[in-house]
Amino acid sequence: MCGIVGAVSRSGAVLEGLLDGLRKLEYRGYDSCGVAMFDPGLANGAVQIRRKVGRLTELEKLLADGALGAARAGIGHTRWATHGKPSDENAHPHTDGSGRMALVHNGIIENYLELRAELTADGAVFRSETDTEVLTHLVGRELARGKSLLDAVRASLRRVQGYYAIAVMALENGPDGKAAARLVCARQGPPLVVAATPEIGLCGSDVLALLKYTRDVVFVEDGDIVELAPGRIAITDFDGKAVARPVRHVDWDEEAASKGGFPHHMLKEIHEQPDVLARTAFDRILQVEGDVDFEGAGFDDARLRAIERIQVVACGTALHAGMIGKYLIENLAGVAVDCDFASEFRYREPVLAPRSAVLAISQSGETADTLAAMRLARERGLAPLSICNVQGSTVVRESEGVILTHAGPEIGVASTKAFVAQVIASYLLAVRLGRARGKLSVEQGRELLDELRRLRPRLEGLITEKTVERVRSIAVKHLKAKGFFFLGRGVNFPVALEGALKLKEISYVHAEGYAAGEMKHGPIALIEPGMPIVVINSPGRVADKVRSNIEQVKARGGHVISIGADEQSHALADESIPVPASSEWLSPLLNVVPLQLFAYHHALARGCDIDKPRNLAKSVTVE
Ligand code: F6R
């Protein structure tokens, strides 16, 4: 994971812009951070490095002396440790000790031990435990041999195995003998975006880091090496051949990435969900035809009729959305769906039915396992489709058909609104597939889409002070619980998994999501008197089965917290959080909201860092 930024300006100072970019990228990793800056005005004329373990605020304290405030070029990094513990020494940027170059890296250098031995034998002195530092010394060695920065980076990257997004800054002497900073970046795997205005050349791991300057960006592809200068982006491949990449205009703005008055991004993102529904769905609904219109190719009748099976690949919360999608697509469109953890799919020998499509689901569009699974399926001949939130991301670029979720930037590490958007997109896909394949009539299509429209006021009605307070009071009552079960069946089984995941990741409490009908096959042994058991149940084909499961849990002394629209479950439960009624197929979208709020308030009461939970990072671009 990790976030990288870089800037080289014609005449202005860049430190504030780099720090702003790092603030936007902190979601990618936040155990340490640093910058390397060049200010031609400083007496010693060297690259200045400041690094600090901990959050960005620690680095800001170090920079408060203003010494680097006028620097015109720099690179920065926010880290999620892979090699070497979080420490000042392991924080990036790294340097070869010459004072003339520095490098930041997101990714993993797999052959670093062998390169480290070679470079040490050659006289290099290593100062960190990171894999990254070998790249620094490789580039430094090439620079010392007289190569330009671009050639030095190219030659060094030829030596490494692994994956990376890097930014390297080095000083080169101009014809006047004065040192000037050059900035080169490259990508093989993790995301990298570049931009140039007449004043400044920029790079970052995510468009969010560049929005302060511009919304016209270029997405760097694998194998690209980019030289940046004010007003100039020069992209070449490993052989030095020029490569053309389009400039894309992104519609996110800085406001969308702010907290908008909420104490945490996660809470803001939970509150945004009714609008996310409108943005993801409403413009795509064809009311008269009872159908859905997806922009771009990939979802026309002929293609969808040719698909006999769908393989969903995704990770974490996105996989839970895919599991809900399985119920929707199988029931509404009659197409078989398999779901797999992308990390498992990519390393087994998947036997894939002919005429299948692979559906990758990803908020970021950069998750390493999801991308690898999608590429494997594509190599085996499956049409690549995706549901993704980030325009221009790798998943989007490698898909034949994309449903963009339009949830806006999701900054909270715990995914909320992106999940809701992924479920909505799956629902739309199920309707489109059902209509294209003749499984749904015009009337049925209209009814399903009407239901979706009617969901917005219900979602709004759910995220009110009254419900939030009810959820909060129940969540804080169970602060001493040793563990939680989350149970559901049918389309609400993945919702139970998601509720448990949310609680685990932000409050660090053990929580297990389970198919309610499976409890009796083992896990019921864990139930002790008073143990909180969150049961999700809404009217539908399995509602009475879930009620029986509630009885079984109660008979063993479990403390049942019932969530959903099933009144009879509430009557059986010790505590309840009612949600508005909806069709069975849309009930996950309502039921997940109290679960998100439950995790939020439980974590808040435990004093956890909501938006930056320990050990996690938002975009998992390493294996
Ligand atoms: C959990 C969470 C993760 C992500 C997973 C996939 O709250 O955010 O489980 O869902 O890492 O990420 P994307 O969707 O970016 O591929």
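Among the residues that make up the range 441-464, is at least one of them part of a loop (DSSP other than H, G, I, E, B) and modelled with pLDDT of 95 or more?
Going residue by residue through the range 441-464, those that are part of a loop (DSSP other than H, G, I, E, B) are 441, 463-464.
Adding the requirement that they be modelled with pLDDT of 95 or more leaves 441.
The answer is yes; a qualifying residue exists.
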If I filter the range 560-571 for residues that are open to solvent by less than 10 Å² (accessible area, probe 1.4 Å), at pLDDT 95 or above, within 16 Å of the ligand (Cβ to nearest atom) and not in a helix (DSSP H, G or I), do I get at least one hit?
no
Unmet requirement for L149, which otherwise passes all of (1) touching a helix residue (DSSP H, G or I) at 6+ places or on another chain (Cβ under 6 Å); (2) open to solvent by less than 20 Å² (accessible area, probe 1.4 Å):
(1)
Within the range 66-98, count every residue that is part of a loop (DSSP other than H, G, I, E, B) and either closer than 25 Å to R116 by Cβ or in contact with a Ser or Thr (Cβ under 8 Å, 6 or more places away or on another chain) (or both).
19
Filtering the range 585-620 down to residues that are among the aromatic types (F, W, Y) and either in a loop (DSSP other than H, G, I, E, B) or under 18 Å from F262 (Cα atoms) (or both) yields F598, Y600
Filter result (part of a loop (DSSP other than H, G, I, E, B) and away from the ligand (no atom under 13 Å from the Cβ)) within the range 377-424
R380, G381, L382, Q391, G392, E398, S399, E400, H406, G408
Please determine, by comparing only the residues of the range 297-352 that are open to solvent by 30 Å² or more (accessible area, probe 1.4 Å) and within 16 Å of the ligand (Cβ to nearest atom), which one is farthest from D369 (Cα to Cα).
M323
Which residue is nearest to the ligand (Cβ to nearest atom), if the candidates are limited to the range 579-623 and must be modelled with pLDDT of 95 or more and hydroxyl-bearing (S, T, Y)?
Y600
Yes/no for A278 being in a helix (DSSP H, G or I), away from the ligand (no atom under 15 Å from the Cβ) and open to solvent by less than 60 Å² (accessible area, probe 1.4 Å):
yes
Farther than 30 Å from G21 by Cα and part of a loop (DSSP other than H, G, I, E, B): does that describe F294?
yes
I'd like to check something: does the range 206-225 contain any residue that is acidic (D, E) and in a strand (DSSP E or B)?
yes
Has the range 511-521 got at least one residue that is open to solvent by 10 Å² or more (accessible area, probe 1.4 Å), within 16 Å of the ligand (Cβ to nearest atom) and assigned to a loop (DSSP other than H, G, I, E, B)?
no
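The values are calculated or read from the model by the stated rules, or taken from the named source; none is laboratory data. Just so you know, these numbers come straight off a predicted model, no measurement behind them. Backbone-built Cβ (ideal geometry, glycine too); neighbour counts: all protein chains shown. Remember, those area values only see protein heavy atoms, side chains included, never the ligands or the DNA or RNA. Shrake-Rupley method; radii C 1.70, N 1.55, O 1.52, S 1.80 Å.
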